[in-house]
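The values are calculated or read from the model by the stated rules, or taken from the named source; none is laboratory data. Because the structure is predicted, anything quoted here is derived from the model rather than measured. Neighbour counts run over all protein chains shown; Cβ positions are idealised from the backbone, glycine included. Note: accessible area is taken over every heavy atom of the protein model, side chains too, but ligands, DNA and RNA are not part of it. Shrake-Rupley method; radii C 1.70, N 1.55, O 1.52, S 1.80 Å.
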Amino acid sequence: MVKSEWIICLGGNDNQIPYIEELKIMGYKIILFDKNQKAPAIPICDLYRKVGYDDFNSLKNIVNKLREEIYEIKNIFSASSQFSQLGVSFISNHLNLKSASFEKIEICLDKKRFYKLFLELKIPIPITFLVNSKQEIYEKIKNTDCNWYLKSDYGKSPNYIYKINVKNIDIENIFWGRDRYLRDSYILQKEFFGDHLRINIINQSYLVFSHSNNKLITSEKYIENILNKNIIVELRKLVLRLGFNRYICKFDLIINENSWSLLDIGIDPPSRMLAYYKEKKINFYELYIKHFFGQKVHFPYARKI
């Protein structure tokens with residue numbers, strides 16, 4: 001690789017530093033975009049510009065100025081929050097670089113849209129309603145004998161998630177304002193019983209983690225149950241539908257002896273996988289970056305689909 005290749009990195013918090021250090025080892029020069037002028041990654045980057053990764057007008061203007069200054073930008077990278085991938089897509093599109101679709105990334109942030117997509121693809125989800133008031137919640141659950149979960153419709157924030165006990169319904173302290181995480185309505189879902197799993201899909205391979213203890217599941221009998229339900233194949237189809245081959249896609253689901261339900265999809269770096277690779281002395285950061293940039297990478301311990 002030519003040593004003078006410049007890339008833009010969105011976000012410079014502590015979690016990003018190992019990725020940026022790895023990019024430097026690979027020979028890239030880093031232009032850091034972060035609205036925090038005290039971001040800890042600034043000192044290890046070659047250039048810094050003050051801008052948030054969701055300020056699209058400013059992103060476009062700053063990128064144009066950099067190009068006028070004869071900085072040839074070869075790629076865009078972020079291992080920050082899922083919101084940052086919107087910025088990656090926006091800049092990539094502006095520079096005619098390969099990237100996941102902005103609209104498809106938005107789907108993964110909008111529960112209303114991704115649950116609709118799951119249903120279109122015949123992927124099972126819990127019984128689900130959109131609700132806009134306490135009265136609507138009460139009408140949906142008052143004659144049931146199960147517990148329910150209430151989730152804000154946008155983003156990955158845990159701030160607006162409520163468990164409603166049907167034997168003692170308390171919905172008085174629910175937030176009803178509008179902000180980055182609650183845009184239109186709440187998602188009301190019936191409790192689904194089983195083992196809560198995190199499955200990471202990486203092109204033609206996958207890893208399965210227990211959500212409760214964060215451990216990699218290696219039991220062949222357990223994996224056989226997952227495969228018999230066609231779960232991995234269905235998740236892989238979803239990855240292809242969204243065009244997310246360059247991500248390590250994260251899926252939260254619940255599985256029991258008879259069935260399964262998909263709860264969530266994510267494309268930010270997988271924390272359980274990162275921790276497992278650290279434990280095994282494997283350089284996750286190098287593998288993640290190469291995969292993100294479209295290179296063929298073998299991920300140890302991943303099973304072939």
**Q.** Candidate aspartates and glutamates - alpha carbon under 13 Å from K74, same-chain residues fewer than 8 apart omitted
**A.** E5
Q) Just P43, P18, P270 to compare: in a GNM of the chain, with alpha carbon springs under 10 Å, which one fluctuates most? A) P43
Q. Using modelled amide H (1.01 Å from N, peptide plane; none on Pro or chain starts), what sits under 5 Å from the amide H of D110, excluding residues fewer than 5 places away?
A. G155
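Loop only per DSSP, at most 11 neighbouring Cβ atoms within 10 Å: give me the GluC sites (Glu not before Pro) in segment 1-99, ordered by residue number.
Working: sites: E5, E21, E22, E68, E69, E72; in loops: E5, E69, E72.
Sparse-neighbourhood loop GluC sites (Glu not before Pro): E69, E72.
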Q. Which of the aspartates and glutamates could be linked to K122 by a straight reach, that is with a Cα gap under 12 Å, when you skip same-chain ones fewer than 8 residues away?
A. E234
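Measuring with a 1.4 Å probe in the full set of protein chains, what accessible area per residue, in whole Å², belongs to the chain? Don't jump to the answer; show the numbers that get you there.
Working: 15280 Å² over 305 residues.
Value for the chain: 50 Å² per residue.
Accessible area of segment 183-271 with a 1.4 Å probe: how many percent of it is carbon plus sulfur? If you can, show how the numbers build up before the last one.
Values: 1710 of 3750 Å².
So the carbon and sulfur contribution to the accessible surface is 46 percent.
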Q) By a straight-distance test (C-alpha under 19 Å), which aspartates and glutamates pair with K221 as possible cross-link partners, with residues fewer than eight away in the same chain excluded? A) D195, E257
Q: Go ahead and run the numbers for FRET between C146 and E286, Cβ-Cβ distance against an R0 of 41 Å, rounding to 0.05.
A: 0.35
Q) How do the peptides 280-288, 149-157 rank, highest first, by the average count of neighbouring beta carbon atoms within 10 Å per residue? A) 149-157, 280-288
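Go through K250/K278; K29/K65; K29/K104; K111/K229 and tell me which ones have a Cα-Cα distance over 27 Å in this structure. Spell out each step's value before the answer.
On the way: K250/K278 18 Å; K29/K65 17 Å; K29/K104 29 Å; K111/K229 24 Å.
Listed pairs above 27 Å: K29/K104.
Relative contact order, percent, of the chain when contacts are C-alpha pairs under 8 Å separated by at least 6 residues?
14 percent
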